[in-house]
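Below is one structure, written out as structure tokens; the observations come after it.
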Amino acid sequence: MLLLIILNCLFALKIVIYFFLPKKGYRSKNSAPIAAPIVNDDIEPVGVDIIVPMFNEEKVIIRTIEALRKIDYKKLCITIIDDGSEDDTLHLVRQHYEGLPNFNIIHQPNKGKAAALNNAIENSSHEIIICIDADTLVKPDLIDKLLPYFKDPRVAAVAGNIKVSNRSNLITQIQSTEYTTMYNYDRNLFESVNGILIIPGALGAFRREVVYSIGGYTSDTLAEDTELTLRILCNDYLIRNAADAEGYTEVPASLKMFIRQRIRWKVGTVQVLSSYPFSHPNKILLFLIIPYNWIFGMFLPLITPIVDYFVIYQCLFMHDFSLLPAYLCFIGIDSLICSAIILLSKERPLQILFMVFQRFLLRQLVLLTYITMVVKAFKGSLFKWEKITRYGEVQNIPETKTRPVKI
């Protein structure tokens, strides 16, 4: 009963946070201009480097590059960096694109994604860098959507809006709803207090000088994108969310790949959150963003499926329904939050009809992830980076009638 009370209180708190955070842009007393405002015009456009790290991406890399080549921008350079691929990825890229103007192909021995990104940044030359994953499909107007945010000289980075391209089965559809109701909406929401904790590796834009000055990406964590984002915030730069700069990613379509990805995310997030200096003067991070991610990102996903099983067992086998009202209240609050976000996002309303079932199943998948983490910890393989297999199910950006969330 106590756990249910705690759950209901926490989800009520989540509603308060969602609806009562300030809607105006964040203004830090310490934020100072870090560069001249970007003024983009036809005479002297701002230089942009798009960086794509790849490792064994032969099934998806060509479609990704073809989408990038549709971007009509005068001062653009595309850099593809191969991190020691063991399949035909590098051969395919060289066969199709080697020698093209403003197109760089870099090869390095396998050192990890962070090292590959740093290598590409080191070899870049333009003011703005855009990092995307090898499976991310973008629209031709991507740069037009991202650059305006850099007119504010205090902005160091801009997060893209990640959507699921392969809604082919139940697991991918659950993740699509999750991306909309959790990750993307949270970024849109916490932008108002400069509290975006994750610039997604699938699509993010940065001032090159800022990334370079704070040391680039680190290989010391499984969540290099989250770690870099936190360092940017700790250095009192501003991060914005470009809800209309969409990137379509291929999410895991099998249970094995889903768990593999989530273990990396969970372990990496714990590594990053644990490293935050509690003596840091940024009170928004200390008292809101970091606790929010510990509670709603780590703690609740662990205890909610346990509550599910306990209530079901009590009702079915002990014929005790005393906890059912509180449990239904929790389910109702959770579904209400998710349904409201889906409606605001103009996603397919049919998603709402399956909301309770999808949320229940997602909780069990996350619990299975935690169980697998314990097993891997005993085997000594918890901190190992494991590759997610791509299948190239979607070759073009899906047709969509969605629009950015307005809050």
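The values are calculated or read from the model by the stated rules, or taken from the named source; none is laboratory data. Just so we're clear, the structure is a prediction, and the values are computed from it rather than from any experiment. Heads up, the Cβs are rebuilt from the backbone with ideal geometry, glycines too, and the neighbour counts pull from every protein chain shown.
Numbers for the structure displayed
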{"quantity": "Selected residue [of a type in the set (A, V, I, L, M, F, W, C), buried (at least 17 other Cβ atoms within 10 Å of the Cβ) and in a loop (DSSP other than H, G, I, E, B)] from Val366, Val307, Val394", "calculated": "Val394"}
{"quantity": "Filter result (within 17 Å of Tyr391 (Cα to Cα) and of a type in the set (A, V, I, L, M)) within region 43-66", "calculated": "Met54, Val60, Ile61, Ile62, Ile65"}
{"quantity": "Number of positions in region 57-103 that are out of contact with any helix residue (DSSP H, G or I) (no Cβ under 8 Å at 6 or more places or on another chain) and without any contact (Cβ under 8 Å) to a residue 40 or more places away in the chain", "calculated": "17"}
{"quantity": "Residue that is nearest to Thr64 (Cα to Cα), among those in region 367-395 that are in contact with a Lys or Arg (Cβ under 7 Å, 6 or more places away or on another chain) and aliphatic (A, V, I, L, M)", "calculated": "Ile388"}
{"quantity": "Members of region 64-84 that are closer than 24 Å to Gly112 by Cβ and part of a helix (DSSP H, G or I)", "calculated": "Thr64, Ile65, Leu68"}
{"quantity": "Residue list for region 60-83, filter: surrounded by fewer than 16 Cβ atoms within 10 Å (Cβ to Cβ) and over 26 Å from Val394 (Cβ atoms)", "calculated": "Lys74"}
{"quantity": "Flag for Glu250 being in contact with a strand residue (DSSP E or B) (Cβ under 6 Å, 6 or more places away or on another chain) and either under 29 Å from Leu233 (Cα atoms) or assigned by TED's automatic domain parsing to the domain that holds Arg231 (or both)", "calculated": "no"}
{"quantity": "Cross-chain or 6+ apart pairs with Cβ under 9 Å, region 313-324 first and within 18 Å of Leu4 (Cα to Cα), then among the aromatic types (Phe, Trp, Tyr)", "calculated": "Gln314/Phe321; Cys315/Phe321; Cys315/Tyr327; Leu323/Phe310"}
{"quantity": "Region 235-250, subset of a type in the set (D, E, K, R) and in a loop (DSSP other than H, G, I, E, B), residue surrounded by the fewest Cβ atoms within 10 Å (Cβ to Cβ)", "calculated": "Asp236"}
{"quantity": "In region 164-200, residue surrounded by the most Cβ atoms within 10 Å (Cβ to Cβ) [restricted to those that are in contact with a strand residue (DSSP E or B) (Cβ under 7 Å, 6 or more places away or on another chain) and in a loop (DSSP other than H, G, I, E, B)]", "calculated": "Ile196"}
{"quantity": "In region 335-358, the residues that are under 22 Å from Pro305 (Cα atoms), out of contact with any helix residue (DSSP H, G or I) (no Cβ under 6 Å at 6 or more places or on another chain) and part of a helix (DSSP H, G or I)", "calculated": "Leu336, Ile337, Leu353, Phe357"}
{"quantity": "Flag if Lys151 is surrounded by 19 or more Cβ atoms within 10 Å (Cβ to Cβ) and of a type in the set (D, E, K, R)", "calculated": "no"}
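Let's see how each residue does on (1) assigned by TED's automatic domain parsing to the domain that holds Pro153; (2) of a type in the set (Asp, Glu):
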| site | (1), (2) |
| --- | --- |
| Glu227 | yes, yes |
| Leu233 | yes, no |
| Leu273 | no, no |
| Tyr276 | no, no |
